[in-house]
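The values are calculated or read from the model by the stated rules, or taken from the named source; none is laboratory data. Computed from a prediction, not measured in an experiment: that's the story for all the values here. So basically every Cβ, Gly included, is an ideal-geometry build from the backbone, and we count neighbours across all protein chains shown. These accessible areas exclude ligands, DNA and RNA; they are computed on the full protein's heavy atoms, side chains included. Shrake-Rupley method; radii C 1.70, N 1.55, O 1.52, S 1.80 Å.
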Amino acid sequence: MNNIFAQSENSWKISFQLQYKDIAIFECFLLLVADAYASSSINSNDIAIKNDDIWLIEAFFEGEPRQDIETHIERIAADNNIAITRLLRSKIIDRDWVAEVQKNFPPFSVGRFFICNNRYNGSEISQINTIKIDPNRAFGTGEHQTTKACIL
């Protein structure tokens, strides 16, 4: 049976960083050339988005992207006096992300509860309010805000 969560053997991405206020200038171009793109904050300290927050832009491609895409990104930045950094092209290596999370799942506390995976053997495990879970597709890791709210 095929893994429905597996990605193509030939997936690529182009990524770069810029200030939040400048994201919209790149959206139309990325929608035209990429199969998908994502943006995420990498330095915000709170929920409120500020124009000078630094964001990561990732454009995803099925197959190696055209050689001129980075040139176009740099030209859009120059034409609009935008500073972009860390412009990178990379092949995406297929990973089982669920297994990665399970392997590296850090224990954490929510209120009076200590949450860890079933393989954790630290001293905190003796706490009366320990919740042992195996992070997985169905339950997740327990770190999402809605899960924390339910626990509290």
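Going by the conditions given, is Ile42 within 30 Å of Ala149 (Cα to Cα) and either open to solvent by 50 Å² or more (accessible area, probe 1.4 Å) or modelled with pLDDT of 85 or more (or both)? In short, yes. There is at least one residue in region 132-143 that is under 30 Å from Glu9 (Cα atoms), modelled with pLDDT under 80 and hydroxyl-bearing (Ser, Thr, Tyr). I'd like to check something: does region 18-28 contain any residue that is of a type outside the set (Val, Ile, Thr) and part of a loop (DSSP other than H, G, I, E, B)? Taking every residue of region 18-28 in turn, none turns out to be of a type outside the set (Val, Ile, Thr) and part of a loop (DSSP other than H, G, I, E, B). When region 2-27 is limited to residues that are surrounded by fewer than 17 Cβ atoms within 10 Å (Cβ to Cβ) and among the acidic types (Asp, Glu), the one that is modelled with the highest pLDDT turns out to be Glu27.
This table checks each residue for (1) open to solvent by 60 Å² or more (accessible area, probe 1.4 Å); (2) in contact with a Leu (Cβ under 7 Å, 6 or more places away or on another chain); (3) at pLDDT below 95; (4) part of a strand (DSSP E or B).
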| position | (1), (2), (3), (4) |
| --- | --- |
| Ile47 | yes, no, yes, no |
| His72 | no, no, no, no |
| Ile76 | no, no, no, no |
| Ile82 | no, yes, no, no |
| Ala99 | no, no, yes, no |
| Gln102 | no, no, yes, no |
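Going through region 84-95 one residue at a time, which ones are without any contact (Cβ under 8 Å) to a residue 60 or more places away in the chain and surrounded by 10 or more Cβ atoms within 10 Å (Cβ to Cβ)?
Arg95
For region 113-131, a residue qualifies if it is modelled with pLDDT of 75 or more and within 20 Å of Leu152 (Cβ to Cβ), and the qualifying residues are Phe113, Phe114, Ile115, Cys116, Asn129, Thr130, Ile131.
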